[in-house]
Amino acid sequence: MKDQETQLASNTGDRLTLEQEENLEQDHYLFIRTGGRIPSRQLNGIWLQFKIDELARQLEETVRWGAIRPQSGEFITPDIPRRLLIPLTASLALIGNAPDGIITRENLAQVNHFTVDGCRTYYMAKDLTNCPCSV
């Protein structure tokens, strides 16, 4: 259990029963265990909520979504979209705050490069050999 906890400095925490911890968690409260330890899932939850709020702010600022298609080649799909570009198919993507249009193979290579660069673990494509990617 200790590997799933984070040690906080200068905090003694509270002696809570498992039932008290569960009740606090159910009501969306954080707690610190005896010895100044906090369950890591609570810190991860805060980070995750921050990222959700950040993305929501970006999406609020998106006035319109443009549909883009490449002249040739295919889009790479990321494990997690990190920019306002969402591939829908190998040859169609939505892009925030941009008009509908067709992009050149060179632009597609830049888009795919940014997509790959922003991936956390993996990316995928219908046919990677048909996905230009500038380095």
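Tabulated values for the structure
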item: Total charge dipole magnitude, the chain, about the Cα centre, Cβ charges on Lys, Arg, Asp, Glu only, Debye to nearest 20; result: 400
item: Dipole-positive endmost among A67, Q26, Q42 within the chain (Cβ charges, Cα centre); result: A67
item: The chain, helix-only ellipticity at 222 nm - DSSP H runs n ≥ 4, -39,500 (n - 2.57), divided by all residues, nearest 500; result: -10500 deg cm²/dmol
item: Cβ crowding within 10 Å averaged over residues, with 9-20, 121-132 ranked highest first; result: 121-132, 9-20
item: Cα-projected label distance for D79 with F114, points at 7 Å along beta-carbon direction, nm; result: 2.1
item: Contour excess over end-to-end distance, with Cα ends at L48 and Q26 and 0.36 nm allotted per residue; result: 6.2 nm
item: Förster radius 35 Å - calculated FRET efficiency between T6 and M124, Cβ distance, rounded to 0.05; result: 0.55
item: Cα long-axis angle, helix 105-118 against the chain (0 to 90 degrees, to the nearest 10); result: 10
item: Inter-label distance, nm, simple model (7 Å from Cα along the C-beta direction), Q71/D100; result: 2.1
item: Equivalent ellipsoid semi-axes, the stretch 65-130, via Cα gyration tensor eigenvalues times 5, rooted, Å; result: 17, 14, 10
item: DSSP beta bridge pairing in the chain, given as percent antiparallel to the nearest 5; result: 80
item: Principal axis box of the stretch 2-60, alpha-carbon based, largest edge first, Å; result: 43, 24, 19
item: Virtual spin-label span in nm between R15 and Q58, 7 Å along Cα→Cβ; result: 4.7
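Bear in mind these aren't lab numbers, they're just calculated from the coordinates by the rules spelled out. The structure displayed is predicted, hence computed values, not measured ones. Here the Cβ is made from the backbone with ideal geometry for all residues, glycine too, and neighbour counts use every protein chain on show.
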